[in-house]
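The values are calculated or read from the model by the stated rules, or taken from the named source; none is laboratory data. Quick caveat, the model's predicted, so the values are computed rather than measured. Counting neighbours? That spans all protein chains shown, and the Cβs are built from the backbone with ideal geometry, glycine included.
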Amino acid sequence: MTIELWLSFIGASMILCFSLGPTVFLVMGQALAHGKRSVVPLVAGALTGDLIAMGFSFIGIGVLLATSAALFTLLKWVGALYLIYLGLKAWRSKATINPPRRLKRSSVFFNALIVTALNPKGIIFFLAFFPLFINANAPLLPQMAVLVGSFLAVSTVSVSFYATSSAALRHRVSSISFQNRFNKVSGCMLIGAGALTASIEHNG
C-alpha cells in the first residue's frame, strides 16, 4: 500500500468517524449523562462495535444486508428502538446532589457496542469501503491489518473527542437544575439518533 493511498483512506475514515450519526449521538448523550467516568467504556464499546461490524461485513453479512430489504429493515429498527429506549431513560433520569460514586461501566460499554455494531449502514460501508483501498496484486492480509488498525485509530480519536468534550461540559456544571437539563439534552440526542437510524432507507 502506497503512502498516498493510505492517507486517502485516513481522510475518508475521518469524514466517516467525525460525521454526526447514531454512535456520535450516543457517545455525546451518555457522556453528558454520566460524565468523565463514562469515557473509557464508551470508547471501548464503540471500538468493539466497529470490530463486530467489520467482522459481519467480511464474512458476507454486509452482502446479505445490501440485498435483503427485510433484514436491513429489521436490523435498522432494532437499533433505532434501542436508541430511543436509552433516550427516554436519560430524559426521565434525575440529577442528585451526591450522585452515585459507582458507574455501571459494563452497561455503558454494552450500549456503545450494540448501537455501533447494529448500524446496518456501517456494515455495508465496511463491505464497500475497504476494497477501494486494497491492491489485488499484493498480499491481502497485511493490507487488511493496516486498514483495520488505521480505521480503529481514527475511530478512537473521534469517540474520545466527543466523549471527553461532552463529559467536560457536564462536570463544569454543578447546578442540579442544569444537570437535569443536560439529562433532557442527552435524552433528546439519543432519541434523535434513533429517529435518524429509523429514517435510513435500503438502497439495494
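The rows are residues; the columns are (1) part of a loop (DSSP other than H, G, I, E, B); (2) buried (at least 22 other Cβ atoms within 10 Å of the Cβ); (3) hydrophobic (A, V, I, L, M, F, W, C).
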position: Ser8; (1), (2), (3): no, no, no
position: Ile15; (1), (2), (3): no, no, yes
position: Ala31; (1), (2), (3): no, yes, yes
position: Lys36; (1), (2), (3): no, no, no
position: Ala46; (1), (2), (3): no, yes, yes
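Annotation note: Cβ proximity below 8 Å between a residue of the stretch 17-37 that is within 12 Å of Ala168 (Cα to Cα) and at pLDDT below 80 and a residue that is buried (at least 19 other Cβ atoms within 10 Å of the Cβ) and polar (S, T, N, Q) (sequence gap 6+ or interchain) occurs for Leu32/Ser166; Leu32/Asn183; Leu32/Ser186; Ala33/Asn183; Ala33/Ser186.
Based on what the data block shows, is Ser57 in contact with a Leu (Cβ under 6 Å, 6 or more places away or on another chain) and farther than 30 Å from Asn180 by Cβ? Judged against the criteria, Ser57 is a match.
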